[in-house]
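Everything below concerns the one structure shown next.
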Amino acid sequence: MSSEQTPLLEAATAVDEQNVLEETRQERDPIYDRFTSAQKRAIVLHVTFSGVIPLFVSGSFIPSLPQIAKEFNSTGPIINLAVSASVFAACFGSLFWAVYSGYYGRKPIYLVATLMSCIGSVGVALAPSVASLIFFRIFQAAGASSGFSNSMGVIGDVYALEERGTATGVFFAGVLLGPAIAPVIGGFVAEVWSWRVMQAAIFVSGVIFFIVTLLFFPETMHPGASGAEKAGRRGFVILNPFQSLTLVRSPVVLCVITAGITTLLADFFLVVPVAYTVAKKYNMTGEAAIGAILIPDGLGSMMGAPITGYLSDRTITARRKARGGVWVPEDRLRGIQLSGLVLIPGSLLIAGYTTTYVDGWPGIVINMICLFINGFGVDSVLATVGAYNVDILHDRSAEITAAA
């Protein structure tokens, strides 16, 4: 019989997936009691800070695009390549750190990845040209990307099934503090001093995280679960960072990941070009003003993730009890239909129409409302899907997060 410890992909090769899910029964594993509630909250706080850094790296950069383009005598679309390249680097970096965190543990990966991110931040802050800016942005983003996959692995390590949605929601709410405040802070710093000062501040934040991790953060992987322990060797090994993508062979995983991709695209469509859409339409020229436009998006994200995460835990507990202990992972996905089918596409359509046809302050207000609704909906889906992925592939939680 399958359990949370049995990867769905492996189980599905032997029997029909739906039968596996209907027959699965769960009992709380005492291994989740290794840490006290206070220790778990401290761990979530720490890994949330790690997750904030990647989004802060990108969010604080967006309002500065016009200033950076002017400094390098370039154009907005060219400088925006630094954003696109960093997202691509974050995707690859997340896959890389995930497979190695499963082999060596969470803590060593945090240390190495943070060191890489700090080096990249210094390079961005001192970049003398567009080419060097893009290069170090890639380096910076690749290092910071461990904050997503590795942190979801940590949450899967310390929280049991019926608590994981809430913990994931809190993680996403904290992480998405980045989009809420990064554009404002980044825009303000760029307007008062320089966009380079913001990159220096990100470097200092990385150094602080590195020191705290080194001195105080415990290894959270279950005893005997790491690849190094199973192999009986601790030396460096070469692993395939793309092996996580084999998880997408499962139709269940593919459908869930596709939902996550389209959901995140909806957020990017509104947020990334805001300096050249909403700001241009309503004649907002200051970096701080451009950043302020994005506050509702971050606030919506911060509210959507913990609310839906908590509700998904309650749904799982109630429906499993009603079935006499039978656990169906898809119970966690109940309740995000409103976000996925109404809030996200509706906010996109209204924002696009408003930016095109509605002038003056009514247009600004409507756009900000749409950004709030979009942020709420997007991260309702992402937080719930993130917890669901860890539920069905618990032993490879960091890898499935990276693949997603």
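Values as computed for the structure displayed
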{"quantity": "On Cα atoms only, tilt of 177-192 relative to the major axis of the chain in degrees", "calculated": "20"}
{"quantity": "Under 11 Å, Cβ to Cβ, from Arg106 - net charge with Lys/Arg +1 and Asp/Glu -1", "calculated": "-1"}
{"quantity": "Stokes-Einstein D in µm²/s, Kirkwood radius over Cα pairs - the chain at 37 °C with 0.692 mPa s viscosity", "calculated": "152"}
{"quantity": "Approximate spin-label separation Phe92-Ile211, in nm, with each point projected 7 Å along Cα-to-Cβ", "calculated": "3.3"}
{"quantity": "Accessible solvent surface per residue of region 243-403, calculated while the other protein chains remain in place, 1.4 angstrom probe, Å²", "calculated": "42"}
{"quantity": "Probe 1.4 Å, accessible area per residue of region 35-239, Å²", "calculated": "39"}
{"quantity": "On Cα atoms only, tilt of 146-158 relative to the major axis of the chain in degrees", "calculated": "30"}
{"quantity": "With at most 15 neighbouring Cβ atoms within 10 Å, loop GluC sites (Glu not before Pro) (DSSP) excluded, longest segment of the chain", "calculated": "28-218"}
{"quantity": "Heavy-atom accessible surface of the chain: percent carbon and sulfur, 1.4 Å", "calculated": "70"}
{"quantity": "Extension gain from Thr356 to Ser132, taking 0.36 nm per residue of separation minus the Cα-Cα distance", "calculated": "77.0 nm"}
{"quantity": "Inter-probe distance in nm under a simple model that places probes 7 Å from Cα toward Cβ, at Ala42 and Leu111", "calculated": "1.9"}
{"quantity": "Estimated 222 nm signal from helices in the chain, with DSSP H stretches of n ≥ 4 weighted -39500 (n - 2.57), rounded to 500", "calculated": "-23500 deg cm²/dmol"}
{"quantity": "Mean separation of Cα contacts under 8 Å (6+ apart) over length of region 35-239, as relative contact order %", "calculated": "35"}
{"quantity": "Net length gained if the chain between Tyr276 and Asp395 were fully extended (0.36 nm per residue, minus Cα distance)", "calculated": "38.5 nm"}
{"quantity": "Fully extended contour minus Cα-Cα distance, from Ile119 to Leu265, at 0.36 nm per residue", "calculated": "49.7 nm"}
{"quantity": "C-alpha center-to-center spacing [region 249-310, region 65-98] in angstrom", "calculated": "17"}
{"quantity": "Principal-axis tilt of helix 37-59 within the chain, Cα atoms, nearest 10 degrees", "calculated": "40"}
{"quantity": "Pairs of Cα atoms farther than 14 Å apart, region 246-316, %", "calculated": "72"}
{"quantity": "Under 29 Å between alpha carbons - lysine pairs in the chain that sit 8 or more apart or on different chains", "calculated": "6"}
{"quantity": "Two-site label geometry, Arg234 and Thr258: point separation in nm, points 7 Å out along Cα→Cβ", "calculated": "4.5"}
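The values are calculated or read from the model by the stated rules, or taken from the named source; none is laboratory data. Quick caveat: nothing in here was measured; it's all calculated off a predicted structure. Neighbour counts are summed over all protein chains in view; Cβ atoms, including those assigned to glycine, are modelled from backbone coordinates with ideal geometry. For accessibility, only protein heavy atoms count, side chains too; no ligands or nucleic acids. Shrake-Rupley method; radii C 1.70, N 1.55, O 1.52, S 1.80 Å.
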